[in-house]
Every structure is written in C-alpha cells, then in structure tokens.
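A short worksheet on the structure shown next.
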Amino acid sequence: ESHVKFFRYIILGGGVSAGYAAKEFTRQGLQRGELAIISKEAVAPYERPALSKGYLSPKRPSRLPDFHVCVGSGGQRLLLEWYREEGISLFLNTEIVKADISSKALTTSTGRIFKYQTLIIATGSTVIKLTDFGVKGADAKNIFYLREISDANRLIEGVKAKRKGKAVIVGGGYIGLEVGAAMRINNLDVTMVYPDTWCMPRLFTSDIAAFYEGYYANKGIKIVKGTSVVEFNANSNNGEVKEVTLKDGKVLQADIVVVGIGGRPLTSLFKGQVVEDKGGIKTDGFFKTSISSVYAIGDVATFPMKMYDEMRRVEHVDHARKSAEQAVKAIKADEYGVSIEEYDYLPYFYSRIFDLSWKFYGDNVGETVIFGDHNPLSKEPKFGSYWIHMGKVKGAFLEGGTNEENEAIAKVAREQPRVGNLEELAKEGLSFALKA
Ligand code: FDA
Ligand code: NAD
C-alpha cells in the first residue's frame with residue numbers, strides 16, 4: 001500500500017518536546033530514515049514561550065527561524081535543513097485524527113497511514129475555550145486564544161487593525177498576565193478580568209500577586225477581579241466583538257479580547273487505549289506508558305515526581321525538554337539492554353513580563369514568608385518567597401534574581417533545608433539561600 005509509511009520511531013506532535021526528542025535521538029545515534037515527526041503546525045518545532053513574549057513585541061519582534069528549538073536552553077537551533085541532514089522526516093501541516101495502538105497505526109486527516117515500532121506521544125495541550133461553557137457570543141470576531149504560531153499571527157493582525165483600541169484579557173493565569181502586558185506594550189487600553197481573588201492563585205501567594213497587580217496598575221492596566229464573563233456582544237455589521245458583559249453586570253467596551261483560561265492535554269486520540277491518570281497519560285519514570293511501545297512526554301504525561309512521591313503533570317517548557325530527553329535515553333537504553341536513572345524532576349516555572357522576570361522552583365506547599373523589596377513602585381524591585389512545610393523549605397520564588405541567586409534558590413528547593421524560625425527566615429531572605 002503506497003499510502004502506508006513505516007518508521008522505527010514516530011513522534012506525534014511537533015512542539016517543544018518533539019524538537020528536544022529529535023535532538024536527543026541524534027545524540028544517541030540515529031540511522032537515516034528511522035525517525036518521523038508528525039505535526040499539524042506549518043513550521044518545525046520551536047520554543048513556544050516566545051509566542052506570548054518577544055513574538056508580540058511591537059518593536060523588532062522575534063520571528064522564526066530565530067526561536068526554533070533548542071535555543072531556549074542555549075542549545076543548537078534546529079532548522080528545516082537540520083532535519084533533512086539528519087535524515088529525519090518532518091511531516092508538517094499533517095494532523096493525525098486516529099490512533100490505533102493495537103495495529104501501531106496513525107491515520108491523517110487525508111487518510112494517509114503511518115506505522116511505527118515505537119511511538120512518542122507529544123501532542124501537548126489545547127486551549128480551553130469560552131464556547132466550551134456556552135458563553136454567549138463567544139464566537140464573535142476578534143476574540144483570540146494563544147497556543148500556536150497561527151494563533152499568534154491572528155492576534156497580531158487583530159492588534160494591527162485596532163491600534164490604540166481597547167483590549168479585554170480574560171483569565172489571570174500565565175497567558176492573561178503575559179499577553180496582558182504585551183497588549184499594553186502595544187499601546188492598547190487593557191482591562192484584565194478574572195474570577196479569582198488574585199492573579200495566578202495556583203502559584204502566587206496574596207503578597208506576590210499584590211506586587212504584580214500593583215505593577216500592572218502602575219502601567220495603566222485595569223484589573224477586574226472576582227468575576228467572569230457571561231456574554232459578548234458583536235457589531236451587527238461586521239461581527240466584531242464590541243462589548244463584554246460580566247457576571248456582576250458591568251459592561252466593558254472591547255475591540256479585541258484575548259482569552260487565557262487554561263489548557264487541556266491532548267490525549268483524546270488514545271482514550272481507552274492507554275492508562276490515564278490525573279487528566280494525562282500515565283507513564284513511569286522513563287515516560288513509558290501502559291503500552292511498552294508507546295511513550296508520552298511534555299504536557300500530556302502524568303509521571304512519578306520522585307521528590308514528592310506523587311504522580312503529577314507539568315505544563316511548562318523545562319519539563320517538556322527534559323522529559324523528551326529522558327524518554328529518548330530510555331528508549332535507546334532499552335535497545336542496548338542497559339538501564340538509566342529514573343526521572344527525578346525539580347519543578348521549575350518562570351515568566352517574563354515588562355522588565356520583570358521571576359523564577360520558581362520546587363513545590364508551593366505549606367506556610368510562606370516573603371522577603372525583599374516588593375513595592376511595585378520601586379525602581380528596581382527585587383523580592384522572593386519561601387514555602388515551608390513540616391519544617392523544611394519546599395519551594396522558592398524570586399523576582400529579579402541574578403543567575404547565581406536563581407541557582408541558589410533552586411538548590412534550596414532541591415535540598416529542602418530545615419528552618420527553625422520563620423521570622424528569622426524572612427529577615428535572612430535571599431542570604432539564607434546563598435549560604436545554604
Ligand atoms: P507543545 O504544545 O509544545 O507541542 C504539541 C504539538 O503537537 C503542537 O505542534 C501541536 O500542533 C501538535 N499536535 C497536537 N495534536 C496533534 C495531532 N493530532 N496531529 C498532529 N499534530 C498534533 N512554559 C514555561 O515554562 N515558560 C513559559 O514562559 C511558557 N510560555 C508559554 C507561552 C505560550 C503562549 C504557551 C501556549 C505555553 C507556554 N509555556 C511556557 C508552556 C510550554 O510551552 C508547554 O508546556 C510546552 O510547549 C509543552 O510542550 P509539548 O511538546 O508537550 O507540547
Ligand atoms: P492557567 O491555568 O495558567 O490560568 C488560567 C486562568 O484562567 C486562571 O488563573 C483563572 O484566573 C482563569 N479562569 C479559569 N476559568 C475561567 C473562566 N471561566 N472565566 C475567566 N477566567 C477563568 O492557564 P493559561 O494562562 O491559559 O495558560 C495555558 C497553558 O499555557 C498552561 O499550560 C500554562 O502553563 C501555559 N503557559 C505557561 C507560561 C509560563 O510558564 N510562563 C506562559 C504562558 C502559558
């Protein structure tokens with residue numbers, strides 16, 4: 001059958017983890033023609049975090065090929081030529097609509113079939129949409145989401161068409177905060193709306209959130225908290241969004257709306273075929289699923305987080321990269337009949353907004369202390385927070401840290417030193433981590 005192609009290894013998905021997995025395959029030794037990557041995107045794997053940051057910059061925005069993987073971790077930039085030279089088949093604009101694990105076959109939307117010996121699922125996440133909850137008018141024009149480069153391009157066109165217009169940002173998580181800042185830098189009049197009592201409640205303490213909310217207010221961003229969107233009204237002549245009605249009855253004018261209300265791991269192709277856990281595909285510490293020829297990496301994997309002795313899923317780029325490398329090492333080790341260490345991941349999240357930059361390592365459990373200058377009006381604010389559970393430091397956050405300082409808080413989160421007195425710890429602040 002001419003429409004059937006076989007590969008020893010297939011990576012399904014062409015995002016961050018796919019790119020890092022491809023690189024790791026070449027490090028481990030790959031024969032030409034052994035590996036295929038199948039992606040519904042039109043471009044080779046790139047560092048997705050750029051889309052809500054440099055890509056949206058009005059001045060000298062970053063554009064591909066600048067941010068193809070693996071530049072985000074200081075590695076080689078993998079251009080289309082690289083895949084060709086390595087004999088890796090990159091199938092772009094190719095969506096898989098059916099996966100059959102029993103016959104090891106993937107079917108594309110145009111009916112082509114790919115067969116594999118080993119499959120790596122790297123499908124990432126998709127956005128949760130307001131239409132999913134039946135919010136009225138949520139399909140109006142100029143309501144944007146951000147996941148892929150095509151979404152970012154649509155958003156940029158929208159911004160160009162509505163210069164100095166009004167932007168309403170729905171959601172106070174990562175996308176809300178990063179895109180809210182980017183819209184303001186683009187000179188739009190920005191209002192953020194989210195249901196929570198403060199932004200990023202899954203990670204931020206009220207103190208940390210108060211700093212960023214104050215900083216945003218100072219940049220002229222309006223924040224409406226504790227309420228959600230119930231309806232959009234569009235212009236009847238062109239279908240473009242015009243008003244956002246909130247649950248509390250308030251109505252906001254809007255030329256564009258950007259929604260960031262969370263992601264959902266793309267596991268649906270494999271429902272009932274692999275074991276799932278906590279919304280993702282369950283893996284072991286080598287990213288092998290319940291089926292021995294199938295691996296899952298990045299956002300979709302629910303893996304044993306050794307440090308905390310718990311199954312978890314992580315939707316951040318550092319884990320996408322490292323899980324990819326771990327899975328490929330494990331696949332090759334299996335072939336050579338050798339063993340490798342189990343994945344032992346220290347959670348690491350970060351964000352950059354305006355001139356700010358924060359990093360978080362570890363687990364945000366227990367009591368917290370804040371230290372340093374967290375006045376949003378300061379010229380050079382610099383502050384942090386520790387999370388303390390059962391007498392040990394479990395997590396550490398730092399805004400405005402140097403490389404050395406960031407490494408120090410990472411080490412604390414990894415080693416979990418004991419602390420006696422929380423007041424002392426707050427007073428010591430960063431020096432606690434630096435001398436630990
Ligand atoms: P990823 O989403 O990168 O790739 C999945 C790929 O699979 C996509 O190319 C998709 O098209 C493809 N695909 C899915 N289903 C398919 C199918 N059926 N057929 C074919 N192809 C299919 N994290 C962080 O730590 N710091 C940060 O600053 C940011 N910033 C950031 C900004 C934005 C805008 C987003 C959306 C996300 C971030 N993240 C982040 C999160 C981070 O980017 C994310 O965790 C990784 O990209 C996950 O990598 P994956 O490879 O798992 O999925
Ligand atoms: P998120 O989970 O970070 O935030 C979702 C936010 O949506 C919540 O904080 C809440 O305020 C809000 N919300 C939830 N339901 C709502 C509703 N019905 N109406 C209004 N608001 C609602 O998700 P996100 O910001 O959309 O990010 C999507 C994905 O991209 C995540 O996986 C995230 O980790 C990733 N991402 C990460 C970074 C980073 O690490 N710096 C940056 C951008 C995106």
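Every number here is computed from the coordinates shown, using simple stated rules; none is lab data. Because the structure is predicted, anything quoted here is derived from the model rather than measured. Reconstructed Cβ throughout: ideal geometry from the backbone, glycine too, with neighbour counts over all protein chains shown.
Here are a few things to note about the model shown:
- Residues of the range 42-70 that are more than 17 Å from E24 (Cα to Cα), within 16 Å of ligand 2 (Cβ to nearest atom) and not in a helix (DSSP H, G or I): K53, S57, S62, F67.
- Residue match in the range 29-41 (condition: under 26 Å from L266 (Cα atoms), out of contact with any helix residue (DSSP H, G or I) (no Cβ under 8 Å at 6 or more places or on another chain) and either within 16 Å of ligand 2 (Cβ to nearest atom) or of a type in the set (F, W, Y) (or both)): no
- First in the range 274-301 and more than 22 Å from Y20 (Cβ to Cβ), second anywhere and within 16 Å of ligand 2 (Cβ to nearest atom), Cβ under 7 Å, 6 or more apart: E276/T267; D277/T302; K278/T302; K278/R313; G279/P265; G279/R313
- Out of D207, D189, sole residue that is away from ligand 2 (no atom under 16 Å from the Cβ) and either surrounded by 22 or more Cβ atoms within 10 Å (Cβ to Cβ) or touching a residue at least 60 places away in the same chain (Cβ under 8 Å) (or both): D207
- The single condition among (1) within 13 Å of ligand 1 (Cβ to nearest atom); (2) in a strand (DSSP E or B) that M311 does not meet is (1).
- Applying the criterion of being part of a loop (DSSP other than H, G, I, E, B) and β-branched (V, I, T) to the residues of the range 114-141, the residue that is nearest to A330 (Cα to Cα) is T123.
- Yes/no for Y295 being among the hydroxyl-bearing types (S, T, Y), closer than 20 Å to I120 by Cβ, out of contact with any Gly (no Cβ under 9 Å at 6 or more places or on another chain) and part of a strand (DSSP E or B): yes
- Filtered residues of the range 168-186 (kept if within 16 Å of ligand 1 (Cβ to nearest atom) and either without any contact (Cβ under 8 Å) to a residue 40 or more places away in the chain or of a type in the set (V, I, T) (or both)): I169, V170, I175, V179, I185
- Residue list for the range 308-338, filter: surrounded by fewer than 17 Cβ atoms within 10 Å (Cβ to Cβ) and more than 22 Å from Y116 (Cα to Cα): Y308, D309, E310, M311, V338
- Given (1) within 16 Å of ligand 2 (Cβ to nearest atom); (2) touching a residue at least 24 places away in the same chain (Cβ under 8 Å); (3) under 27 Å from V259 (Cα atoms), number of the condition S73 does not satisfy: (3)
- Qualifying positions in the range 335-362 - touching a residue at least 24 places away in the same chain (Cβ under 8 Å) and away from ligand 2 (no atom under 16 Å from the Cβ): I340, E342, Y343, D344
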